[in-house]
1. When you check Lys156 against the structure, is it on the phi < 0 side of the Ramachandran plot and modelled with pLDDT under 65, yes or no?
2. Would you check which residues across segment 26-49 are more than 9 Å from the chain's Cα centre (by Cα) and within 15 Å of Ala104 (Cβ to Cβ) and list them?
3. In segment 36-52, is there at least one residue being at negative phi, outside any helix (DSSP H, G or I) and exposed (fewer than 14 other Cβ atoms within 10 Å of the Cβ)?
4. Identify, please: which residue in segment 1-39 is among the polar types (S, T, N, Q) and under 23 Å from Met96 (Cα atoms) and is, among those, farthest from ligand 3 (Cβ to nearest atom)?
5. Looking at segment 39-63, which of its residues are within 9 Å of Ile94 (Cβ to Cβ) and among the β-branched types (Val, Ile, Thr)?
Amino acid sequence: MSMCKTCLKDSSKHSKKLWTLHNWCPLCQKNSKDHSEELWQMHQRAVVKGAKGGKIRPVTVGLARSSVGRVVEWNVPVSPKGQSSSYKLEVIPIHMHCVQCSLAMGDVEVDNGDVLGGLCLKCFREMIGQEDSYYDKFPSYRSYEYCQKIRKRMEKK
Ligand SMILES: [Zn+2]
Ligand SMILES: [Zn+2]
Ligand SMILES: [Zn+2]
């Protein structure tokens, strides 16, 4: 028994397919279980914001991992006089954006959004005053104590 993150009903009230749909993060392609509560909210907000009320569908850009994109439909005239036209679909990738510099964030930043407080690594590093070597070590620095330390520093700001 566990509660659905989307409709807040019990898992028994879902078909298996619906459950996966309701508890799958389209942004980082992971199950809700792999998120902290805060991170889940951040990812869902980013998707809703990025979708702008439109349709979304999975997208893979270059060598990046699969993510989600907003579907945009273009009306393209086929004949010169424009009597007939066809739809062209474009999927524009949705990103999480740094709350400070507004740049799109990478996988590491998206996965650690709760620890980083919605900042990209560059802004985060500037804020806590760490030098560049910190970047390489980052993913292993996820202990509870460490997170608390960062949070405290952020609150002070
Ligand atoms: Zn549900
Ligand atoms: Zn996610
Ligand atoms: Zn930034």
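The values are calculated or read from the model by the stated rules, or taken from the named source; none is laboratory data. Since the structure is predicted, the reported quantities are computational estimates derived from the model, not experimental observations. FYI the Cβ positions are ideal-geometry reconstructions off the backbone, even for glycines, and counts take in every protein chain you see.
1. Considered against the rule, which asks whether it is on the phi < 0 side of the Ramachandran plot and modelled with pLDDT under 65, Lys156 comes out as yes.
2. Listed by number, the list holds a single entry, Lys49.
3. yes
4. Residue satisfying both the conditions and the ranking: Thr20.
5. Correct list: Val47, Ile56, Val59.
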